[in-house]
Structure formats: structure tokens, C-alpha cells
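The values are calculated or read from the model by the stated rules, or taken from the named source; none is laboratory data. All figures in this text were calculated on a predicted structure; none of them were measured in a lab. Because the Cβ atoms are built from the backbone with ideal geometry, glycine has one as well, and the counts that use them run over all protein chains shown. Just so you know, the surface numbers come from the protein's heavy atoms only, side chains and all, with ligands and any DNA or RNA stripped out. Shrake-Rupley method; radii C 1.70, N 1.55, O 1.52, S 1.80 Å.
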Amino acid sequence: MTRSGPQDRRALVAIDLGAESCRVSLLRWVGDEPQMQLVYRFANNVVESVDGLHWDLDWILTGLDEGLMRCTAVANEGIRSIAVDGWAVDYVRLDAEGEPVAAPFCYRDERTVVAEASLHERISAERMRELTGIQLLRLNTAYQMFADNAELRSMPWLNLPEYVLYRLGARPVSERTNASHTQMLGLDGEWCEEILATLDSNAAAMPELVEPGTDVGQLKGGLAALPAFADTRLIAPCCHDTASAIAAIPDAGDDWAYISSGTWSLVGTLLHAANNSAQAREENFTNLRGADGAICFHKNVNGMWLLRQCIESWTAEGTTIDLPALVKEAATIAPLEYALDVDDPDLLLSGRMPQRINAQLHRRDLPELSVRAEDAAAMASFLFHSLARRYADVLRGVAEITGKEFRRLYIMGGGSQNEFLNRLTAEATGLEVCRVGTECSTMGNFAVQLATLESGPTSEWAKVLGDL
């Protein structure tokens, strides 16, 4: 494909929902050159209420409306399409009028601790894994839905990215990259009747499944009256932001792995078909759907959440932490002989992270670290070395299970900016580390939109956008 750009030169909008910030971006064409522009970014965070952790849905929707309005001021050529990606598993329950019945729960809410155990009294963890090929995580949608009361369980639902599309005028759907993370999708790519029956549901009550890149309708409502949004299409891209980010990697080879480095670190590789072998199940690797029929074979590793939670603790004590300076100082500190078990379930919970880290070290009869803010660099260094070791362990498992021989490791997401961690990862894995960038989920979103609108493979449009 030549770099001639699309036939229709109107702009594209990508909405990327993040647990810490949400972004609205434009892709425009200047001559034959694509230009990606972040138009609006706003903070996002969970809200704690009497019944647990929730997302402020009204805040998110108001921010997205503001971002879309700002797009009209920039893109005087008009807007051809809008697509939405975001974090997986969380969902919105809808009433008979299609309105949210309550603020959606956050996946970190502790209600799933009991729900996970209760669900496995009905269906074993091994059976769920056998049916779905999905990593067992209590944050998965199935466990969250089992935590809902009987009245809520009977109501329709949409994952958050698909809900935003629905609110903009799309028909209600579940895009397969997002659906696969619910742990309710079978290995055949369809809703699993056995699991749904266990959850007191059935396939008829589930959203329509669609492939990445499906046109799901035309923009409706007040925004549609604006000239810039005349005949704007709504597209379900890879609605799972990790699948969207992986779609932005411009490498057609088969000798590379990836780390999507953010709140979570997702460590793995692309496969042509799911691998649900005994070893994959035993080591709890997941088989999530990706762009162009690929399988994202990886494992969730606790990521920058650990450091961010530490920084929140130090900030609450009145200390201001400069992250670049902290990383720079951490690089001067000699590594310890031992590492943190970064995937300890206790470290997935929020609050008092330095103390949680020391509690693990105490249980393992290892020397504890200072939790004081003035010693933050030592704690950060310990976390970075521990993460790099864990990445190397997981990638060894990926190579052994898949039979692949890796030469390159693509690191994407906000964590890719941490050059110290990148260096430690290169040393621990022995691989060439290539940074994809911080806005790769947005790039993948645009690549899938272009593939849909221009009838070309996602991988080719990812190459076109690769220089952004």
C-alpha cells in the first residue's frame, strides 16, 4: 500500500478511556501525511462510596462531550468516524429505557473476593479456564456479575467502551476483544452457555457480539446536529485498549513479544490460534482476542500500580514526588539480592502500599525497606528490579509454551517512558527493547478505523501511522 492516505480526508476521532485519564484525539491528513493530535485529556479516578469503589460515569461522559465539542473547533473538514477503546471488564447495567441503573463498579472493588469463591462452588476454576482459555482473575466481568444482586443480574449490560458508543447512537454490542476478557466467551468466540447458566443468564440476554472494526451505527443526538458531525459513523475498534495498543505495533514478523506497561503490565506475544495447553492453564496465561483474528497470549503482571500507590502514600504524608527525578535517583541505587513477588494478591488492593510491600517481605523472612518518603528512591529501585525479573520469568514461559524464539520486545504505554526500567528489562530478558510510545492504544484505534473505512488490513494502516 502506498502512503496516499484515505479517499475521504475527513478527520477521525479516537476516544481512549483510561483508569487515570481519558483522552479524545484527532487523526487528520495534511497532504498525504497523517497527523495525530490530542485534543482533550481529563483526569479519571475511582470514587469510594458506602457500597464500594465506583467510576464516576457522569464525569466521564461530560468530559467526553467536551472533548468531542473541541474536535469540531479543530477539524473544519468534518469528522468521518468515532471509535472508543478503554480498559476491560467493567460494565454498565441498563434499565428498560437503556439508561444506567447505577454508577459502574471498579474492578478493584473487594466484592469479588467473596464472589470468586462462591462462583467456583458452582463451577470450578479449572472448568472455567478449560472453557474460555482466559487467565483466572477475580476482576474479570464474570466474577463481578456474580457479585451483583439477583435484580441487577437480570438487566442488560455493556462494557464501558461499548456503552459510550451506545450513548452516541450505536446499537448495543459487545466487541470480541472486550468480550473475551469477561471470561464468558468460549474458545469458539461465542458466549459460553455453560458459564452463562452458572451465572443465571443465557445467550439471549447477552449483547450482540461483533468483530473489531465493525460499523455499529451513525452518530445521533445533539452532537449530530453540528455540521462537523454530519454523517459521522460509529466504529467498534479493538474496544479493549490492550488489543488496540498491540494493533499499533508495525511488525509483521513472528519473533517479537510485547509488554503493555501501565497500571498493569501485560506480557506476551501474538498467536494465530488460542493456546490452552495444560502448561498454559497451569501458568495461567490468557488467550484474548486481538485485531485481524489474532490471539493476544499473555499474562497480567502487576505494573506501575505499585509505584503509583506508593507515591499516593507519600503524597498523603505531605511530600511532593517528582517522578522523573525519582526514576533518575533510583537508577543510582544498587539492586538487592531478592525481589518482590509483584503478583501477590494483597498488592492488587489500594492503600498503604509501602506497608503492604513490607508485610510480604516480613512473611518471607526478608529484610524490610524504609517506607519513609525520603527513601522513596530505594523503594522505587526495588520495584523496578522486581518488575524486570518478573517480565523475564513470564517471557521465558511464553517462549517455552509457544515454541517461539524472541529477538525483539516492544514496550508500549506510559511505562515505556521509564528508560531505567526499559534498561533493566533488556538486561533481564536479553532482548532488544523497542519503545512503541505512550499513545499506542489511540494509534491502534485509528488503524482499525482506517482498516474499516478503507477496506485494508489493520497491520498496513499501523505501518502508515507508525511514524507518528
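Calculated FRET efficiency, V50 and E454, Cβ-Cβ r, R0 51 Å, to nearest 0.05? The formula returns an efficiency of 0.55 here. Computed on protein heavy atoms with a 1.4 Å probe, the accessible areas place Y410, Y258 in the order Y410, Y258, largest first. On full extension, the segment bounded by E126 and E193 gains 22.5 nm, given 0.36 nm per residue less the C-alpha separation. Taking amide H as placed 1.01 Å from N in the peptide plane, the amide H of V436 sits under 5 Å from that of I411, M412, each at least 5 places away or on another chain. Starting from the Kirkwood radius over alpha-carbon pairs of the range 10-98, derive D by Stokes-Einstein at 37 °C in a medium of 0.692 mPa s and give it in µm² s⁻¹. So the translational diffusion coefficient is about 226 µm²/s. Approximating the spin labels as points 7 Å out from Cα along Cα→Cβ, the F42-to-A426 distance works out to 4.0 nm. Candidates A102, S459, L196 compared by Cα position along the dipole of the chain: farthest toward the positive end lies S459, with charges placed on Cβ.
Shape verdict for the range 234-372, please, from the Cα gyration tensor: rounded (a/c under 1.5), prolate (a/b greater than b/c) or oblate.
prolate
Along the axis of the charge dipole computed for the range 347-464 (Cβ charges of +1 for Lys and Arg, -1 for Asp and Glu, origin at the Cα centre), the listed residues G415, V448, V371 are led at the positive end by V371.
Remark: the range 337-468 carries a charge dipole of roughly 60 debye about the Cα centre, counting +1 on each Lys and Arg Cβ and -1 on each Asp and Glu Cβ.
Of the peptides 129-136, 298-305, 35-42, how do they stack up when ordered by the mean number of other Cβ atoms within 10 Å, highest first? Before the final figure, lay out each step's value.
Working: 129-136: 20.4, 298-305: 22.1, 35-42: 15.8.
Averaged packing, sorted descending, gives the order 298-305, 129-136, 35-42.
Across the chain, the relative contact order, built from alpha-carbon pairs under 8 Å that are at least six residues apart, equals 16 percent.
How big is the charge dipole of the chain about its Cα centre, in debye rounded to the nearest 20, if each Lys and Arg gets +1 on its Cβ and each Asp and Glu gets -1 on its Cβ?
The dipole of the chain has a size of about 660 debye.
Packing here is the average count of other Cβ atoms within 10 Å per residue, and on that basis the peptides 414-421, 159-166, highest first, run 159-166, 414-421. Between the beta carbons of R363 and S277, assuming R0 = 35 Å, the FRET efficiency works out to 0.60 to the nearest 0.05.
Take every pair of alpha-carbon atoms less than 8 Å apart whose residues are at least six positions apart; their mean separation over the length of the range 152-197 yields a relative contact order of 23 percent.
Per-residue extension of 0.36 nm, minus the Cα-Cα distance of A117 and D375, leaves a gain of 89.0 nm for this segment. Computed over neighbours whose Cβ is under 15 Å from that of A325, the net charge equals -4, Lys and Arg +1, Asp and Glu -1. Partners of K299 within straight-line reach, counting lysines whose Cα lies under 28 Å from its Cα and excluding those fewer than 8 residues away in the same chain: K404, K463. Peptides 434-445, 234-245 ranked from most to least packed, by the mean per-residue count of other Cβ atoms within 10 Å: 234-245, 434-445. The length gained on full extension between E312 and A96, counted as 0.36 nm times the residue separation minus their Cα-Cα distance, comes to 73.7 nm.
Measuring with a 1.4 angstrom probe and ignoring ligands and nucleic acids, T141 comes out at about 0 Å² accessible.
When the Cα positions of S49, A280, A257 are compared along the charge dipole of the chain, A257 comes out farthest toward the positive end, with charges on each C-beta of Lys, Arg, Asp and Glu.
Averaging Cα coordinates gives a centre for the range 414-468 and one for the range 147-193; these two points are 27 Å apart. Based on alpha-carbon atoms, the Kirkwood radius and the radius of gyration of the chain give Rg/Rh equal to 0.95.
Annotation note: GluC sites (Glu not before Pro) in the range 9-89 located in DSSP loop regions with a Cβ neighbour count of at most 15 within 10 Å are E20, E77.
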